[in-house]
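S.K.: Below: one structure in structure tokens.
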Amino acid sequence: MSTSMALIGVGHIGGSMAAGLRAAGAVHAIHGYDSNPQALEQARDLDLIDTAHPTPEAAAGEAELIVLATPPSVIAAVCQNLEPHIAEHQVVTDVGSIKKPVLHELERACGRVPSWFVPGHPISGTEKSGAQHANSGLFRDRRVVLTPVDGTDSGKVERVCWMWEQLGAQVERMDADAHDALFAGTSHLPHVLAYALMDVLTEKFPPEELKRYAAGGLLDFTRIASSNPELWLDICQANREHLTPILEQFRERIGELIEALHNGQSDVLHGSFTTAKKTRDTLRPDGHD
């Protein structure tokens with residue numbers, strides 16, 4: 001089976017989807033749109049798309065499968081503009097790491113969550129951005145979470161499942177609010193902490209010292225601070241309902257560790273470090289986000 005695809009947003013994730021689906025022989029035509037004309041041209045030069053279009057509507061009109069690889073804040077607006085043009089045979093999905101706020105915006109923009117929209121989130125990616133970092137194997141053996149609602153067309157959900165399976169991913173389904181609560185902790189919080197740590201170190205040490213003496217631990221911990229700041233600002237603001245409480249909990253734990261250090265309570269520190277190590281050692285590398 002082969003399909004035609006519209007890629008709205010031709011960055012790292014969208015470009016990797018295009019490369020992977022092309023490599024799998026799952027698409028015979030890829031139509032692209034990006035708000036950045038240079039990014040769109042680059043994607044065409046890299047053979048990630050076959051045809052560049054001036055608007056999302058123009059790109060989508062040529063495709064059966066429409067993927068929104070855009071910042072979450074614009075998904076509802078794009079869907080609102082697409083809605084008059086969506087035909088029965090078409091399906092729209094996204095790759096954003098927040099779901100409930102996007103669904104609320106869709107309800108406001110379209111009066112409901114359209115039955116042709118299948119919310120999705122691939123649990124993979126890197127700190128890189130841009131089509132030049134597209135990787136056809138990025139989603140292989142990774143998890144993808146779909147969060148369909150009651151009105152989502154089941155046939156279109158199966159179509160999106162098929163797409164991800166062509167990319168080698170394992171598809172799971174989850175409630176949208178449960179998804180956002182979970183990824184506030186496993187994805188959004190680590191990004192905030194990585195950015196915050198680099199911000200503190202930037203204020204405390206001269207840049208030449210940081211560059212010269214950054215050890216493996218710092219580089220490992222802050223790798224995701226190289227992620228796109230605009231995208232992560234968008235994500236964190238949208239998911240503040242779940243992100244704020246876990247940040248508060250983290251602040252409390254930092255306070256406890258500061259007090260333990262001040263009072264020489266090595267047992268408290270040892271207990272915290274030991275528990276953390278045991279949990280971390282159980283995690284398997286299912287990808288990054």
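The values are calculated or read from the model by the stated rules, or taken from the named source; none is laboratory data. From a predicted model like this one, the values you see are computed outputs, not experimental measurements. All Cβ positions, even for glycine, are placed from backbone atoms using ideal geometry, and neighbour counts span all protein chains on display. With ligands, DNA and RNA removed, areas are computed over all heavy atoms of the protein, side chains included. Shrake-Rupley method; radii C 1.70, N 1.55, O 1.52, S 1.80 Å.
S.K.: So what are the ³J(HN,Hα) numbers for the stretch 264-271, from phi and the Karplus equation (6.51, -1.76, 1.60; θ = phi - 60°), rounded to whole Hz, Gly and Pro as x?
M.R.: Taking θ as phi minus 60°, the curve returns x, 8, 5, 5, 5, 5, 4, x Hz for the stretch 264-271.
S.K.: Would you rank SER226, SER124 by solvent-accessible area, highest first, keeping every protein chain in place and using a 1.4 Å probe? Numbers along the way, then the final one.
M.R.: On the way: SER226 85, SER124 5 Å².
Putting SER226, SER124 in descending order of accessible area: SER226, SER124.
S.K.: Right, something else. Rounded to a whole number of µm²/s, how large is the Stokes-Einstein D of the stretch 119-263 at 10 °C and 1.306 mPa s, given Rh as the Kirkwood radius over C-alpha pairs? Could you put the intermediate results ahead of the total?
M.R.: Values: Rh = 17.9 Å.
D = 89 µm²/s.
S.K.: Same structure again: Rounded to two decimal places and with Rh computed the Kirkwood way over Cα pairs, what is Rg over Rh for the chain? Provide the component values of the computation, followed by the final result.
M.R.: Details: Rg = 20.7 Å, Rh = 20.4 Å.
Reported Rg/Rh, Kirkwood definition of Rh: 1.02.
S.K.: Which far-off residues, 5 or more places away or on another chain, put their amide H under 5 Å from the one on ARG143, with H placed in the peptide plane?
M.R.: ILE123, GLN170
S.K.: Sticking with this one: With each label point set 7 Å from Cα along the Cα-Cβ vector, what nm distance links GLU230 and GLU127?
M.R.: For the pair GLU230/GLU127, the computed spacing is 2.0 nm.
S.K.: When only the heavy atoms of the protein chains count and the probe is 1.4 Å, how do LYS277, LYS156 rank by accessible area, highest first?
M.R.: Order by accessible area, largest first: LYS277, LYS156.
S.K.: Relative to 2.2 N^0.38 Å, what does the C-alpha radius of gyration of the stretch 25-72 come to as a ratio? Two decimals please.
M.R.: 1.08
S.K.: Pull out the extension gain between LEU261 and ASP153, defined as 0.36 nm times the separation in residues minus the alpha carbon to alpha carbon distance; nm, one decimal.
M.R.: Numbers: separation 108, 0.36 × 108 = 38.88 nm, distance 5.54 nm.
Difference between extended and current length: 33.3 nm.
S.K.: Quick one: check the C-alpha center-to-center distance for the stretch 110-145 versus the stretch 60-103, whole angstrom.
M.R.: Rounded to whole Å, the Cα centres lie 12 Å apart.
S.K.: Can you say what percent of the DSSP beta bridges in the chain, counting only those with both residues inside, are antiparallel? Round to 5.
M.R.: That works out to approximately 10 percent antiparallel.
S.K.: Any lysines with Cα under 20 Å of the LYS211 Cα? List them, leaving off those in the same chain fewer than 8 positions away.
M.R.: Partners found: LYS128.
S.K.: Here is a follow-up. How big is the Cα convex hull of the stretch 184-223 in projection, averaged over all directions, in nm²?
M.R.: Averaging across all directions leaves 2.8 nm² for the Cα convex hull.
S.K.: If I model a spin label as a point 7 Å beyond the Cα along the Cα-Cβ vector, how far apart are those points for ILE254 and THR202 in nm?
M.R.: About 1.6 nm, to one decimal.
S.K.: Tell me, in nm to one decimal, what length is gained between GLU209 and ALA87 on full extension, where the rule is 0.36 nm per residue of separation less the Cα-Cα distance?
M.R.: Numbers: separation 122, 0.36 × 122 = 43.92 nm, distance 5.80 nm.
Difference between extended and current length: 38.1 nm.
S.K.: Follow-up. As a test question: what accessible area, to the nearest 10 Å², does TYR195 have when a 1.4 Å probe is rolled over all protein chains in place?
M.R.: We get 60 Å² for TYR195.
S.K.: Along Cα→Cβ, 7 Å out, is where each label goes; now give me the distance between the ones at GLN80 and LEU182 in nm to one decimal.
M.R.: 3.1
S.K.: Taking a probe of 1.4 Å, how large is the accessible area per residue of the chain, in Å²?
M.R.: 52
S.K.: Please give the charge dipole size of the chain, origin at the Cα centre, charges +1 on K and R Cβ atoms and -1 on D and E Cβ atoms. Round to the nearest 20 debye. Can you show the working numbers first?
M.R.: Working: 24 positive and 39 negative charges, 130 e Å.
Dipole about the Cα centre, nearest 20: 620 debye.
S.K.: When the accessible area of the chain is split by element with a 1.4 Å probe, what percent falls to carbon and sulfur?
M.R.: Carbon-and-sulfur percentage of accessible area, whole number: 53.
S.K.: On a straight-distance basis, which lysines could pair with LYS99 in a cross-link, Cα separation under 19 angstrom, same-chain partners fewer than 8 positions away excluded?
M.R.: The reachable lysines, counting only those whose Cα sits under 19 Å from LYS99, are LYS156.
S.K.: Would you calculate a helix-derived [θ] at 222 nm for the chain, using -39,500 (n - 2.57) for each DSSP H run of n ≥ 4 and dividing by the full residue count, to the nearest 500?
M.R.: When only DSSP H runs of four or more count, the value is -15500 deg cm²/dmol.
S.K.: What number in nm² do you get for the stretch 1-124 if you take the convex hull of its Cα atoms and divide its surface by four?
M.R.: Numbers: hull surface 28.2 nm².
Mean shadow area of the hull around the Cα atoms is 7.1 nm².
S.K.: Next question, about the same structure. If the cut-off is a Cα-Cα distance under 20 Å, which aspartates and glutamates reach LYS277, setting aside same-chain residues fewer than 8 apart in sequence?
M.R.: Cα-Cα hits under 20 Å: ASP220, GLU252, GLU256, ASP267, ASP286.
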